[in-house]
Each structure stands twice: as structure tokens, then as C-alpha cells.
Amino acid sequence: MSLDQLLQWLHDTPFSVTMRESLWGEPIVETIHVLTLSVFLGFVVLLDLRLLDLALRRSRVSEVFQQINPVLFGGFAVMLLTGALLFSGDPPAFYSTIFFKLKMIMLLCACLNVVLFNVTLGRRLPEWDRLPRTPRAVKLTGFLSLLLWVLIVAAGRGIAYVLPPP
Amino acid sequence: MTSLQSVLLEFCRWCNGSSFGHGIRDSVWLFPFIETFHLVALGVLGGSILLLNMRLVGLRFPAMPLRELACELRVWMAGSLVVLLASGFLLFCTEAVKMYGNWAFRLKMLMLVLAVLFTFTLHRRLTLMEEARIAAAWRWLAAALCVMLWAGVGLGGRAIGYVTTAASALP
């Protein structure tokens, strides 16, 4: 089965039809997506700013991780779920836009950035946790994350722009 | 029509006809570009406000003094609010007259004024007080009010698009 056929099959599932044809489904899910974004993104930014030594400097990085991560991951789960629901409304249409493809690629990069951080710099966190300044490699991770998330928001905006709600 | 209404309508007409109103309307990509700034700043403001209120009721950063976190977040809150207001004004200028008659937009502006007033006056003073002197009930009340006011601004903003769609569908 080709990707096009898979997208078409998703498009024809009863769930997708319900999502597409319901009057309130799309507005409600999109409202949850955007309202969650408006706090999730802030937590991401604050964390990245801490890695860049630009905010919350008087708390150790380990403490900031510990306090912010649960809320951050909770928010990310809601973003993924509502995002998947929005996508399920019309998979071929979403996939046809360049912004959707870009957004998915950048989302993967942002996740990869987190994984790479955890298996390398994160492992050695106790070594640099007490330093007055974060190491340069840590700053680079924070900067990459910040850049990727701003571009992900821009791409998401782009999708909504070329694919106005029905 | 009262004089306030006519002044507001006149202001909306001026915005609509202004050079940036025209410029953004005539450009394909300027609107989503400015909207991206609006969204990113929204994220920073929303995250900072939620974090501060979670600290106020003791859910996050229990080891950090409330006043310290409040001072730390203040610059990000104020900065993101400035970006939000500036980008929001530019977006408003593209369809200011349409917004004048949009009840969701009016609701959003009302909530915005209340949210800004509350957050930067009473709420701010509370977060700068000596913590031990604030009763738990006051903390929860202030945190709930603050979060609800800002959520109201967000919901009003979401509704604008749908109200516009409904109105433009009329004959």
C-alpha cells in the first residue's frame, strides 16, 4: 500500500468522516491545541532560556528540569493528541501542504535533540549542574530547541493559512 | 450612537485605511509572519503566567522564594506582552472595521484589559509580599482569577475567527 493509499484509507475511516463533518469537533480540538500551545511553548522557552543562562539562573539546571518537565511532557502529550485528531480530519489535504511536511521533520529534529541531549550532556549533568555558566554544548542544544520550536509554530501557522477550516 | 462608539469606529476606520493595514492586507505572507510572533509571545506569556501561579499555590518550585520567581519572570511577561500588543495591533489593522462589530473581539479586549490590570497590579503586589503572610485561600483565589482571566482572553481570540465566518456567511 502506497502512502497516498494509506492517507486515502485514513480519510475514509468513519472516525475521519465524523471529525470532518462534525460542526464542533474541529473548533473544539483546535482551541485545545492552541490553548495548550500557549502554555507548553512557554515552558519549552523557559527551559531553553535556562540552558542558555538567560532565565531562572539562580536555580540549578537539575531543579529546573525537575520542576518543569512534568508539566512540559503533559502539555506535549495534549499537543500530540489534539494534533493527531486535527490531522485525522483530512490526512491527504494536510500531507499535500509543504508546511505540514516541514513541521513533521522539524518536530522529529526537536525530539532527536532531546534524546541526544539525554544520552550525552544530560548523563553528565551532575558535572556541570553547579557551574556558574552552562557549557557551550548545552547552550547549543538550548538554542537549537528554541529555533526549532519557533519554526514549528510558524509551520503550524502556515498549515492553517493554506488549509483554512472547512 | 454614543460619542465613544463613534470615536472607536472612527479609530477602526483610520486603522483600516492606514499604510500598515494596507501593506499587510496586500501581502500574502506578512499576516502569517506577524501571527507567528503573536503566537510565540503568547506561549511565553502563557507559560510564565501559569508557572508563576503554580508557584503561588505551591505546586512548582517550592524551594524558590515566590518573590524571586516573580521578579525573574516579570521581564519575560512584560516583554512578551509588548510583542503581543504590537503584533496584535498590526493584525487588527488589517480588518479593523470588521473587528468593531465582532462580539468575540470586544470580549477579548475587555478580558485583556481586566487581565493586564489584575496581573500587573493586585496580583503583582501579592507575589512580592512576604509569603508567610498570605493565607492559602487568597493565593488560590488570586491564581485562579489570574489564569481564568487570561484563558478568557485566549478563548475570545479563538472565537474571533468563527464569529467572522458566521457573519460573512450572512446574505
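Coordinate-derived values only; no laboratory data. Since the model is a prediction, treat every value here as computed from it, not as a measurement. We place every Cβ from the backbone using ideal geometry, glycine too, and count neighbours over all the protein chains shown.
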Study note, to complete from the structure: Most exposed first, judged by fewest Cβ atoms within 10 angstrom, B:Val40, B:Val113 run B:Val113, B:Val40
Practice item. Would you mind working out the magnitude of the charge dipole of chain A relative to its Cα centre, with +1 at each Lys and Arg C-beta and -1 at each Asp and Glu C-beta, to the nearest 20 Debye? Key: 1000 debye
Exercise for review: Sort B:Trp14, A:Trp24 so the one with the fewest other Cβ atoms within 10 Å of its own Cβ comes first.
Suggested key: A:Trp24, B:Trp14
Check your understanding: How would you classify segment B:70-117 from its alpha-carbon gyration tensor, with a ≥ b ≥ c the square roots of the eigenvalues: rounded for a/c under 1.5, else prolate if a/b is greater than b/c, otherwise oblate?
Key -> oblate
Study note, to complete from the structure: When the charge dipole of the protein assembly as shown is computed with +1 on Lys and Arg Cβ and -1 on Asp and Glu Cβ about the Cα centre, the Cα farthest towards its positive end, among B:Leu81, B:Leu52, B:Gly152, belongs to B:Leu52
Check your understanding: Among B:Leu91, B:Leu126, A:Leu49, whose Cα lies farthest out toward the positive end of the dipole of the protein assembly as shown, if unit charges sit on the beta carbon of Lys, Arg (+1) and Asp, Glu (-1)?
Key -> B:Leu126
Study note, to complete from the structure: With bins of 5 Å, the percent of all Cα-Cα pairs of segment A:66-156 per bin from 0 is 2, 11, 17, 23, 17, 12, 8, 5, 3, 1, 0
Point to revise | Charge dipole (debye, nearest 20) of segment B:18-118; +1 at Cβ of Lys and Arg, -1 at Cβ of Asp and Glu | key: 260 debye
Check your understanding: From the square roots a ≥ b ≥ c of the eigenvalues of the alpha-carbon gyration tensor of the protein assembly as shown, which class results: rounded (a/c under 1.5), prolate (a/b over b/c), or oblate?
Key -> oblate
Review point. Once the other residues with Cβ under 13 Å from the Cβ of A:Pro132 are scored (Lys, Arg +1; Asp, Glu -1), what is the net sum?
Key: +3
Practice item. Please turn the phi angles of segment A:95-102 into ³J(HN,Hα) values with the Karplus equation 6.51 cos²θ - 1.76 cosθ + 1.60 (θ = phi - 60°), one per residue in order, whole Hz, x for glycine and proline. Key: 5, 6, 8, 5, 5, 5, 4, 4
Exercise for review: Calculate, in whole percent, how much of the Cα-Cα pair population of chain B lies beyond 25 Å.
Suggested key: 41 percent
Exercise for review: Let me know the shape class of segment A:1-150, please: from the alpha-carbon gyration tensor, a ≥ b ≥ c as square roots of the eigenvalues, rounded when a/c is under 1.5, otherwise prolate if a/b is greater than b/c, or oblate.
Suggested key: prolate
Review point. How much mean residue ellipticity at 222 nm does chain B get from its helices, if each DSSP H run of length 4 or more adds -39500 (n - 2.57) and you divide by all residues, to the nearest 500 deg cm²/dmol?
Key: -28000 deg cm²/dmol
Check your understanding: Could you give the dipole magnitude of the protein assembly as shown about its Cα centre, charging the beta-carbon of Lys and Arg +1 and that of Asp and Glu -1, in debye to the nearest 20?
Key -> 1100 debye
Check your understanding: Can you give me the relative contact order of segment A:3-162 as a percent, contacts being Cα pairs under 8 Å and 6 or more apart?
Key -> 33 percent
